[in-house]
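Asks: Below is one structure. I have some questions about it.
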Amino acid sequence: MFAVVITEKGGAQRRMEFDKNEVTIGRVQGNDIILPKGNVSKRHSRIVLKDNRFIVVDLKSTNGTYVNGRKITSPLVVKPGDKVYIGDFIITVEGLDGAGASVPPAGPPAAMGAGGPPPMPQPSGGPPPMPAPQPMGGPPPMPAPQPIAPQPAPQPIAAPAPQAAPPPMPAPQPMAPPAPQPAPALMPAPPTRRRAAARAATRARPGRRAGASWDRRRRCARARRPRRSRRPP
């Protein structure tokens with residue numbers, strides 16, 4: 001039989017006694033000692049009593065198990081008074097009925113002297129040695145960060161297929177120059193205008209008597225005209 005003292009950081013302390021040789025510690029139901037904290041694994045560690053010795057075994061927990069501030073990687077023998085750190089809890093073991101206590105070997109019996117009194121016990125050479133001070137329980141070191149899995153390399157992007165070149169545009173047809181339009185025919189001036197133009201052309205220059213040539217032609221025309229005889233009424 002043995003007892004386990006559990007102390008939560010900043011919390012209360014409790015004591016549990018067991019009458020078996022192995023107890024398990026974890027976060028979920030089914031363990032002998034349940035520590036409901038997020039930094040405690042489902043099945044964190046195990047304490048085994050074998051040959052009057054306490055052995056602490058880490059069950060491949062995420063944050064690890066520490067004994068006196070050192071992380072264990074294999075089963076480790078602990079003594080009563082050693083501090084086991086699991087998450088935010090400190091656990092110590094205590095033996096009952098002499099479990100876990102080392103028993104010194106007995107010495108040979110003293111020889112009885114013939115016909116004399118038994119020899120007096122020899123005084124010890126000095127005061128009994130003082131027990132070594134237990135190290136103060138400090139916070140366990142922070143667990144080493146978990147390695148980050150490498151990210152897969154990005155897949156290369158396939159180059160787009162070249163687009164077919166568009167067909168060439170047809171050359172523009174040359175525009176034929178417009179045919180020249182025939183010039184409009186000049187309309188003959190009316191007779192009245194021709195007469196007016198002729199009269200204007202025959203007008204005398206400034207300073208001369210107007211209508212001289214016209215009178216001359218008029219007199220010539222009268223001279224050529226035959227005279228008609230006048231009959232008496």
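Asks: Here is a list: 9, 42, 60. Which entry is under 14 Å from residue 91 (Cβ atoms) and charged (D, E, K, R)?
Replies: Exactly one residue qualifies, and that residue is 9.
Asks: While we're looking at this one, here's another question. Taking the conditions exactly as written (charged (D, E, K, R), farther than 20 Å from residue 65 by Cα and outside any strand (DSSP E or B)), does residue 37 satisfy them or not?
Replies: no
Asks: Taking the conditions exactly as written (part of a strand (DSSP E or B), surrounded by fewer than 13 Cβ atoms within 10 Å (Cβ to Cβ) and either touching a helix residue (DSSP H, G or I) at 6+ places or on another chain (Cβ under 6 Å) or at pLDDT 90 or above (or both)), does residue 46 satisfy them or not?
Replies: no
Asks: Can you go through 53, 70 and tell me which one is closer than 23 Å to residue 146 by Cβ, at pLDDT 90 or above, open to solvent by 50 Å² or more (accessible area, probe 1.4 Å) and not small (Gly, Ala, Ser)?
Replies: Numbers: 53 fails: closer than 23 Å to residue 146 by Cβ.
Selected residue: 70, the only one of 53, 70 that is closer than 23 Å to residue 146 by Cβ, at pLDDT 90 or above, open to solvent by 50 Å² or more (accessible area, probe 1.4 Å) and not small (Gly, Ala, Ser).
Asks: Taking the stretch 22-39 on its own, how many of its residues are closer than 17 Å to residue 92 by Cα and exposed (fewer than 13 other Cβ atoms within 10 Å of the Cβ)?
Replies: Count: 0.
The values are calculated or read from the model by the stated rules, or taken from the named source; none is laboratory data. All of these numbers come straight from a predicted model, not from anything done at the bench. Using ideal geometry, Cβ is built from the backbone for each residue, glycine included, and neighbour counts are taken over all protein chains shown. Heads up: the accessible areas ignore ligands, DNA and RNA and are worked out on the full protein's heavy atoms, side chains in. Shrake-Rupley method; radii C 1.70, N 1.55, O 1.52, S 1.80 Å.
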